[in-house]
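Okay, structure first, notes after.
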Amino acid sequence: MTDSAIRIIHITVKSDRVIAQVEVADERHAYTTPSLITALLPAYPHLLEHACVNGCGTTFGAVARRTSLPHLLEHMAIENQVRAEADAEGAIPNGQRTQAQGDESHYQGARGAAVSPATYMGKTRWTDRARRMAHVELSYADDLVALAALRDAARDLNAAIALEEATHP
């Protein structure tokens with residue numbers, strides 16, 4: 001096993017989206033756990049509020065505690081993009097974080113005012129479940145911001161998993 005629970009193997013930048021090939025290193029990390037989601041919420045406070053097309057509800061919160069790790073990565077990267085855009089535009093008063101919603105949703109600030117003119121969409125699917133390989137697509141307003149958002153999401157996710165393993169071996 002590698003040091004990282006999730007690795008981005010390859011990234012393709014298209015004119016309207018970033019496509020990442022993602023590998024989950026070990027089967028025990030293929031799916032999220034309630035404790036992993038809880039650990040990530042301080043850094044990603046709007047994760048559970050993201051709009052999400054799934055069989056259990058209309059938000060990511062409906063599936064967050066038992067969904068694929070690559071799907072979690074998608075939503076973390078979307079929230080990072082919204083945060084980066086809002087930070088660049090100075091749209092976050094007093095350091096407040098923005099609410100991010102994935103999968104064809106508009107992003108709203110703390111009082112419901114739109115803070116992002118962009119709509120970010122994502123899509124995740126297993127491409128080879130037996131080998132734990134997935135395909136994550138993210139729309140973007142700025143390709144470099146999307147790449148950084150994906151990188152930071154993978155870093156944060158791996159750190160949270162490592163901490164979880166260290167405290168609950």
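All of the numbers you see were taken from the coordinates with simple rules; none came from a lab. All of these numbers come straight from a predicted model, not from anything done at the bench. Because the Cβ atoms are built from the backbone with ideal geometry, glycine has one as well, and the counts that use them run over all protein chains shown.
Calculate, for ALA118 and CYS56, the FRET efficiency according to 1/(1 + (r/R0)^6) with r their C-beta to C-beta distance and R0 22 Å; round to the nearest 0.05. Step by step, r from the Cβ atoms, then E = 0.25.
Using 0.36 nm per residue of separation minus the Cα-Cα distance, give me the extension gain between ALA148 and ARG65 in nm, one decimal.
Gain on stretching ALA148 to ARG65: 27.4 nm.
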